[in-house]
Amino acid sequence: MKIIAITNQKGGVGKTTTCVNLAASLAEHGKRVLLVDLDPQGNASTGSGIDKTHLKGSIYQVLIDSKTLQDVIIHAEAAKFDVAPSNRDLAGAEVELVNEMARETRLKNAILKLGDAYDFVLLDCPPSLNLVTVNALTAAHSVMIPMQCEYYALEGLSDLVNTIKKVRAHLNPVLEIEGLLRTMFDNRNMLAQQVSAQLVNHFGKKVYQTIIPRNVRLAEAPSYGMPVLLYDRASKGAQAYLELAQEIIQKN
């Protein structure tokens, strides 16, 4: 079982889009996938076709130890993967966990209880460095960093790399960078090409060969509660995520 945290402190870089569409694409390649929604907005849950207003339980209950992951997992029927959903309740977890023992390892321990039920567990992190994100980084084997190729992206990236180093030093010695994913890429944009070249120059093979293009179908799919693979399989966005899944399977 490979646990990948999909994170970036910067919002709007395609974290949730990547989580949902990568989960669907890995499932399409025959892998058993669990998506864990760790954002109180619950966008990964709704984007997978799950109604977050009528949940029997959510990741919030798992983190405060009142339910197991098995209790809250829902199968996203059409998309062929499982989801541990989230809703607004999760916003309160930060305050409730602050004085608890071993608060950073709650998620890790919950996932360990699943045994080898899944090939891939994808953790959709909130766009901030809070206790929930630390739980994700403590539980994960590696980190995928989706990022837009724009000027400010590189600044945020150095902060995130420093955070990963701290978590590795104090909480999770096996944590590594799985890869950097260029998202919402517009090939006609000269700055995007320059930033992309800088990333490859600095991080080398850690940068995925697959590039996720700016794509209308990719942006539309969440409003229909489905991954782009189900919404428009022939679209450039769907094909890019299928390629990314293939690249990840070959690496792991």
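The values are calculated or read from the model by the stated rules, or taken from the named source; none is laboratory data. Being a predicted model, the structure only gives us computed values, none of them experimental. In this analysis, Cβ positions are derived from the backbone assuming ideal geometry, glycine residues included, and neighbour counts consider all displayed protein chains.
Out of everything in segment 66-78 that is surrounded by 16 or more Cβ atoms within 10 Å (Cβ to Cβ) and either in contact with an Asp or Glu (Cβ under 9 Å, 6 or more places away or on another chain) or of a type in the set (Ser, Thr, Tyr) (or both), what residue ends up being farthest from Leu55 (Cα to Cα)? Give the derivation first.
Filtering segment 66-78 for residues surrounded by 16 or more Cβ atoms within 10 Å (Cβ to Cβ) gives 67, 69, 72-74, 76.
Now restrict to residues that are either in contact with an Asp or Glu (Cβ under 9 Å, 6 or more places away or on another chain) or of a type in the set (Ser, Thr, Tyr) (or both): 73-74, 76.
Numbers: Ile73: 10, Ile74: 9, Ala76: 13 Å.
In this case the residue turns out to be Ala76.
Exactly one residue out of Asp51, Asp39, Asp65 is charged (D, E, K, R) and touching a Cys at 6+ places or on another chain (Cβ under 9 Å): that is Asp39. Contact map, segment 80-91: first residue assigned to a loop (DSSP other than H, G, I, E, B) and modelled with pLDDT under 95, second residue hydrophobic (A, V, I, L, M, F, W, C) and surrounded by fewer than 24 Cβ atoms within 10 Å (Cβ to Cβ), Cβ cut-off under 6 Å, separation 6 or more or different chains; pairs are Lys80/Ala27. When Gly49 is tested against the conditions (1) out of contact with any helix residue (DSSP H, G or I) (no Cβ under 7 Å at 6 or more places or on another chain); (2) assigned to a helix (DSSP H, G or I), the lone failure is (2). Consider segment 147-179 and keep the residues that are exposed (fewer than 11 other Cβ atoms within 10 Å of the Cβ) and small (Gly, Ala, Ser). The one that is nearest to Lys108 (Cα to Cα) is Ala169. Does Val143 satisfy being closer than 16 Å to Leu244 by Cβ, among the aliphatic types (A, V, I, L, M), crowded, with 18+ Cβ neighbours inside 10 Å and at pLDDT 95 or above? Yes, satisfied.
For segment 10-46, filtering for residues that are farther than 13 Å from Asp82 by Cα, among the aliphatic types (A, V, I, L, M) and part of a helix (DSSP H, G or I) leaves 0. Restricted to segment 192-209, and to residues there that are hydrophobic (A, V, I, L, M, F, W, C) and free of Cβ contacts under 8 Å to residues at least 40 places away in the same chain, the residue that is nearest to Ser142 (Cα to Cα) is Val207. Residue count for segment 52-77 satisfying the condition of being of a type outside the set (Ser, Thr, Tyr), assigned to a loop (DSSP other than H, G, I, E, B) and under 15 Å from Ile111 (Cβ atoms): 3.
Filter segment 211-245 down to the residues that are β-branched (Val, Ile, Thr) and within 12 Å of Leu22 (Cα to Cα), then identify the one that is surrounded by the most Cβ atoms within 10 Å (Cβ to Cβ). Spell out the reasoning first.
Narrowing segment 211-245 to residues β-branched (Val, Ile, Thr): 211-212, 216, 228.
Filter again for within 12 Å of Leu22 (Cα to Cα), leaving 212, 228.
Details: Ile212: 25, Val228: 29.
Among residues in segment 211-245 that are β-branched (Val, Ile, Thr) and within 12 Å of Leu22 (Cα to Cα), the one surrounded by the most Cβ atoms within 10 Å (Cβ to Cβ) is Val228.
In the list Glu100, Glu104, which residue meets the criterion of being assigned to a loop (DSSP other than H, G, I, E, B) and at negative phi? Matching residue, one of Glu100, Glu104: Glu100.
Residues considered: Arg188, Arg182. Of these, the only one that is of a type outside the set (A, V, I, L, M, F, W, C) and surrounded by fewer than 14 Cβ atoms within 10 Å (Cβ to Cβ) is Arg188.
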